[in-house]
Amino acid sequence: MHVLAPAKLNLCLYLGPRRDDGLHELCSLFEPLALADRLEVSEAERDEVICPGVEGENLAARALAALRERGWTRSPLRIEIEKRTPVAAGLGGGSADAAAVLRLAAGEVGDLEQIAAGLGADVPSQLTPALALVSGAGEGVELLPEPVEHAVVLLPDGGGLSTAAVFAEADRLGLGRPTAELDELAGQLREAAGAGSSPLDYAELLANDLEPAARSLRPGIGLALDALRAAGAPLALMTGSGPTVFGLFASLAPAREAAAALDRDDAIVCAAGSAGSLNSEPAP
């Protein structure tokens, strides 16, 4: 069996107060991409998760172990992950892999959402890859209608930027908004995205509060954003805690033209949105 684990894009990310558990309240729009890791699942003598190029235990292995702890009795599995989503790039690749493993037990193990939340903040939203309004520290997931066609150009900038370091820098810089403002923004995003519009139609609502913190740690993020705007991106933002930045386009054709103008080896062009994200390949 082959299973796809779509990368996720933060169309926006608003930062709220730090909670007693050390996590931050957030308000974000997540959407899946056609860019996806590919998981090959087969029966084996013992459970084994293999991910070439990624050292140590990953979230997918923890997800499989968590299913066994909940009494999942399916035969032992060998899961080999072909990484296509850049690692440590703010695209949720590890969380998507973990969610894909949890989906194998859908209907057989209860409380998958609870298991997902225990694995990581981004995992619950990836159980059903779709446009979603995400709140709390990632545990609040409200699915929204499929948006009209659009595409992105991703510039991963090599990955490797620590999420914890970015949030710590955000705290040092005094970034963040009060809870009441997050609630107001959530209402505006719900209304705008709930119409099934392209994100370009409500671009004025899209921003990433973590960008100043990430840019202070990785100045190249600003240069990449400038390059996307110069290449014609109607909107250019950072996704997640970085370092990946993206340009948003109405369709794949102008996205490909912009990527050609950028002339960067790391540029990735792909369709965005939930339609086909579980059974499509990344656009060339």
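Values quoted throughout were computed directly from the atomic coordinates according to the rules given, and no laboratory measurement underlies them. What you see is a predicted model; the values in this text were computed from it and never measured. Backbone-built Cβ (ideal geometry, glycine too); neighbour counts: all protein chains shown.
Restricted to the stretch 199-242, and to residues that are part of a helix (DSSP H, G or I) and of a type in the set (Lys, Arg), which residue is farthest from Asp263 (Cα to Cα)? Step by step, filter the stretch 199-242, then rank; the result is Arg215.
The condition of being polar (S, T, N, Q), buried (at least 20 other Cβ atoms within 10 Å of the Cβ) and closer than 22 Å to Glu25 by Cα holds for Ser95.
Applying the condition of being among the acidic types (Asp, Glu) and assigned to a loop (DSSP other than H, G, I, E, B) to the stretch 243-273 and asking which residue is surrounded by the most Cβ atoms within 10 Å (Cβ to Cβ) yields Asp266.
Considering (1) under 27 Å from Glu142 (Cα atoms); (2) in contact with a strand residue (DSSP E or B) (Cβ under 8 Å, 6 or more places away or on another chain), the lone condition that Glu43 does not fulfil carries the number (1). Within the stretch 99-138, being in contact with a Gly (Cβ under 8 Å, 6 or more places away or on another chain) and within 16 Å of Val54 (Cβ to Cβ) holds for one residue alone: Gly120.
Restricted to the stretch 74-87, and to residues that are under 15 Å from Pro52 (Cα atoms) and among the hydrophobic types (A, V, I, L, M, F, W, C), which residue is nearest to the chain's Cα centre (by Cα)? Ranking the candidates gives Val87 first. Do we have any residue at all in the stretch 13-20 that's aromatic (Phe, Trp, Tyr) and touching a residue at least 60 places away in the same chain (Cβ under 8 Å)? Scanning the stretch 13-20, I find at least one residue that is aromatic (Phe, Trp, Tyr) and touching a residue at least 60 places away in the same chain (Cβ under 8 Å), so the answer is yes. Look at Ala96 and say whether it is in contact (Cβ under 8 Å) with a residue 60 or more places away in the chain, within 17 Å of Cys51 (Cα to Cα), among the hydrophobic types (A, V, I, L, M, F, W, C) and not in a loop (DSSP other than H, G, I, E, B). It is true that Ala96 is in contact (Cβ under 8 Å) with a residue 60 or more places away in the chain, within 17 Å of Cys51 (Cα to Cα), among the hydrophobic types (A, V, I, L, M, F, W, C) and not in a loop (DSSP other than H, G, I, E, B). Identification of strands (runs of 3 or more DSSP E) wholly contained in the stretch 111-187 with 1 or more residues that are within 18 Å of the chain's Cα centre (by Cα) and under 13 Å from Ser28 (Cβ atoms) yields 132-136, 140-143. Against the list (1) assigned to a loop (DSSP other than H, G, I, E, B); (2) touching a Leu at 6+ places or on another chain (Cβ under 7 Å); (3) under 30 Å from Gly136 (Cβ atoms), the condition Gly196 fails is (2).
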